1. Who wins for biggest fluctuation among Ala58, Ala165, Ala103 in a Gaussian network model of the chain, springs between alpha carbons below 10 Å?
2. Give, in nm to one decimal, the length gained when the segment between His189 and Ala146 is fully stretched (0.36 nm per residue of separation minus the Cα-Cα distance).
3. Given charges of +1 on the Cβ of Lys and Arg and -1 on the Cβ of Asp and Glu, with all other atoms neutral, how large is the dipole of the chain about its Cα centre, in debye to the nearest 20?
4. Looking at this model, which pairs from Lys51/Lys149; Lys102/Lys211; Lys51/Lys76; Lys57/Lys136 are more than 25 angstrom apart at the alpha-carbon?
5. Determine the shape class of the range 81-124: with a ≥ b ≥ c the square roots of the Cα gyration tensor eigenvalues, call it rounded for a/c under 1.5, and otherwise prolate if a/b is greater than b/c, oblate otherwise.
6. Computed FRET efficiency, Cβ-Cβ of Glu89 and Arg46, R0 22 Å: what is it to the nearest 0.05?
7. Can you figure out the FRET efficiency of Ser35 with Ser97, using R₀ = 22 Å and their beta-carbon distance, to the nearest 0.05?
8. Please give me, ordered by residue number, the trypsin sites (Lys or Arg not before Pro) of the range 119-216 that lie in loop per DSSP and have at most 16 other Cβ atoms within 10 Å.
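Nothing in this text is a laboratory measurement; each read-out follows from the coordinates by a stated rule. Just so you know, these numbers come straight off a predicted model, no measurement behind them. Heads up, the Cβs are rebuilt from the backbone with ideal geometry, glycines too, and the neighbour counts pull from every protein chain shown.
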Amino acid sequence: MEKVIVGTLLLSVLSGGVSQTDMLGKAFIFPQESSTAYVSLIPQMRTSLQKFTLCLKAFTDLTRPYSLFSYSTKTKDNEILLFVNKMGEYWFYVGNSEVILKAPPNPYAPIHVCVSWESASGIAEFWLDGKPLGRKGLKKGYTVGADAKIILGQEQDSFGGSFDAKQSFLGEIWELSLWDYVVPLEEEHDSGNLINWRGLIYDNTGYVVTKPKLWS
């Protein structure tokens, strides 16, 4: 029955103008600062999360704050948020609570960011460009809500909206994956089972362009 429900949900989503695409070798480009350009991601299945792993690659020359990944529910605008406050300073939120992780600034270079979190221990683990940046405690015992809006390019201050151009992303994002379990971040891994770049379900709004990626 669960497979039928998930399949019905997917068919209804795709019939509403949302596309499913193999994005291998491609990137989303956000060419201009705005409060109107973003990509909505639709997970393969909707489920509450007691653990997850998020990985993505990105390039930007921004020095101001910006959002890399925004997962909002009706009760928590920062249910999951990966946010760069300034060059080399990453804010990672679960359930509206955050930890701050710092890395040596590497301006004008692409980044490969991975973060995992589990409810049982509350441990958030952060990796940048294949190297660990440490582990911190965050929302032990918490459950991430299932009914979410997942946005690239903007930071949600309300469920699916209230965007601020001064927190928008300007640059390129590619190879994003989301899993409902903790992936060993030091190992090679396949595409995510919740969000899969090789079968990405998404909808573009505003000025967002898809082009072949420039970096590996």
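1. It is Ala103.
2. 13.1 nm
3. 180
4. Correct reply: Lys102/Lys211.
5. Values: a/c = 2.70, a/b = 2.01, b/c = 1.34.
Note, shape of the range 81-124 comes out prolate.
6. On the way: r = 32 Å, r/R0 = 1.44.
Approximately 0.10, to the nearest 0.05.
7. Result of the calculation: an efficiency of 0.30.
8. Lys140
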